[in-house]
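Derivation of every value follows stated rules applied to the coordinates shown; laboratory data play no part. Computed from a prediction, not measured in an experiment: that's the story for all the values here. Cβ coordinates were reconstructed from backbone atoms using ideal geometry, including for glycine residues, and neighbour counts include every protein chain displayed.
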């Protein structure tokens, strides 16, 4: 009995030691897109606690991944046909995140192997785009690379090696910037604690990016009252043209 | 000055957009072209999604043409009868254009179609205008200085049945000719995201043979109504009209159009046509170059 209790205690102690507690937070749980919005910076921060209280096992690495709402897309590839560059082949993806940023405290390929990275989508190479249709893997890889490269240059996809700083082996923080052309919707911020090549703890937080005020009104108006909206646009242009005509006639 | 565009979903420099509007407005007042052939590509280059750029540019062209039409009305420069016929054709043409647009978009070739259309149309019109402007500015150096030939309409136009009198244009021709012209221009308006003035003006001059003093005003009149139809069609189908973007463009272009039409009254018409021909040819050559050279972006993304 005594022995059993001891074993149980050991089990608790061991699991407690291998399972650190991750307490993540985001600087804001809502990003408001309004007039003058030129993009923003999200601060993903938190603490990693070892229940035993010691910092002996504190050689964790932290990886944060921020993902925007996924969309189904079609990627087209231009090719030179008869001297003219035109769209030739295309490939469909069912779920391409509209935004994808990953930051880590050390180079990702040094802290996890490719397999683990692929499982948790740690890196722009490992985004799961869910290709649809029957395309051979080589071609799929080419389209994926082309697409990711395009999004990277639009600063919608990015990898920030060393973007996570850890202080005192307890607190970590990462800054990720959202450009002004981000898609609105629910963003997920995932935090992973990695030790010895294994993900040992992970937590998810949500960030809502939405339009507010006049911007939201215009968007809804154009979608729900499209006829009136069109009339308004036409009326506005005629009025401004007329006004300018009158004003210049006075000069 | 950063302004967030609610439909295009990005923030732009407001002053830049106003300046862009002013540039196209001046062209619009000066030559009677809408300026859409400049706005749309420049907006796309700036990062505005192509559909939003085309839709909002058509709204802007409406405003630029209103002030242009007013300016030309004051000097009796609009043939309303001729304008009415081309508008009727133009509205029908936008419908045709919308169908063609959807077809080419679904097969993924809309960009190439638009580019080839630009090269062919602009190239043909530009060289025609250039030749005409040069011969009228510097008459043939053969020794005998001939009097400039009086412009007549194209022989095909006379072959059409039914004849109407268009007093201001100084024409007695079949209304089918301007109607068909309207259809073609309307379709191109929707396809290319332009006002169509750069096709309409030369066609009115060289195919219909309208008298030069009403050409610009009448073409603006047609553009005004056709772009209104285009804006409505975009608002209802693509929902890509960005009213903030359009308002910024309008601010520049309505003032630009006034300035342009003031200059137009003072400048020599042949010289204006020479300049327009040069602009049109440069754009055509740029587009031709773009077709043959490997583009910056091999991959494009469209939402499904």
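Can you work out the base-10 log of I(q)/I(0) for the protein assembly as shown at q = 0.11 1/Å, using the Debye formula on its C-alpha atoms alone?
-1.00
Calculate how many DSSP beta bridges within the protein assembly as shown are antiparallel, expressed in % of all such bridges and rounded to the nearest 5.
Counting only bridges with both partners in the protein assembly as shown, antiparallel ones make up about 90 percent.
Express in whole angstrom the spacing between the alpha-carbon centres of the stretch B:94-132 and the stretch A:227-251.
Taking the Cα centre of the stretch A:227-251 as reference, the centre of the stretch B:94-132 is 29 Å away.
Tell me the angle of helix A:226-250 to the major Cα principal axis of chain A, expressed in degrees between 0 and 90 and rounded to the nearest ten.
Roughly 50 degrees between the two axes.
Just checking the output field for B:104-110: average partner chain Cβ neighbours within 10 Å of each residue's Cβ? Display every interim value, and only then the final one.
Numbers: counts 0, 0, 0, 1, 8, 4, 1.
Averaged over the peptide's residues, the number is 2.
Taking every residue in B:289-301, how many Cβ atoms of other protein chains lie within 10 Å of its Cβ, on average? List each step's numbers first, then the result.
On the way: counts 0, 2, 5, 4, 2, 4, 4, 1, 5, 9, 16, 10, 12.
Partner-chain Cβ atoms within 10 Å, mean over residues of B:289-301: 6.
Of B:86, B:24, how do they rank once you tally other Cβ atoms within 10 Å and put the fewest first?
B:24, B:86
Any chance you could check the Cα centroid distance between the stretch B:227-302 and the stretch A:130-201 for me, in angstrom?
Result: 38 Å between the Cα centres.
How high is the relative contact order of chain A? Use alpha-carbon pairs under 8 Å, at least six apart in sequence, and give a whole percent.
Values: 432 pairs, mean separation 68.0, N = 251.
Dividing the mean separation by the residue count of chain A yields 27 percent.
Taking only DSSP H segments of four or more residues, each worth -39500 (n - 2.57), what value at 222 nm results for chain B once the sum is divided by all its residues, to the nearest 500 deg cm²/dmol? Walk me through the numbers before you get to the answer.
Details: 11 runs with 209 residues, N = 304.
Theoretical 222 nm ellipticity from helices: -23500 deg cm²/dmol.
Which value in deg cm²/dmol, rounded to the nearest 500, describes the helix-derived mean residue ellipticity at 222 nm for chain A, given -39,500 (n - 2.57) per DSSP H run of n ≥ 4 and division by the residue count? Working shown, then result.
Values: 6 runs with 82 residues, N = 251.
It lands at -10500 deg cm²/dmol.
Restricting to Cα pairs below 8 Å that are 6+ residues apart, what does the relative contact order work out to for chain B? Please round to a whole percent.
On the way: 528 pairs, mean separation 119.7, N = 304.
Worked out over chain B, it gives 39 percent.
With a point put 7 Å past each Cα toward its Cβ, work out how far residue A:74 is from residue A:95 in nm, to one decimal.
2.2 nm
If I model chain A as equal point scatterers sitting on the Cα atoms and use the Debye formula, what is log10 I(q)/I(0) at q = 0.09, 0.10, 0.11 Å⁻¹?
Calculated log10 I(q)/I(0) at the listed q: -0.58, -0.68, -0.77.
Using alpha-carbon pairs under 8 Å, 6+ residues apart, how would you state the relative contact order of the stretch B:189-272 in percent? Walk me through the intermediate numbers first.
Working: 26 pairs, mean separation 17.8, N = 84.
Reported relative contact order: 21 percent.
I need B:241, B:91 ordered by Cβ neighbour count within 10 Å, fewest first. Mind dumping the intermediate values first?
On the way: B:241 30, B:91 18.
Fewest-to-most Cβ neighbours within 10 Å comes out as B:91, B:241.
Would you tell me the mean number of C-beta atoms belonging to other protein chains that fall within 10 Å of each C-beta in A:76-86, as a whole number? Intermediate values should be presented prior to the final figure.
Numbers: counts 8, 4, 8, 2, 5, 1, 0, 2, 7, 10, 9.
Going residue by residue through A:76-86 and averaging, the value is 5.
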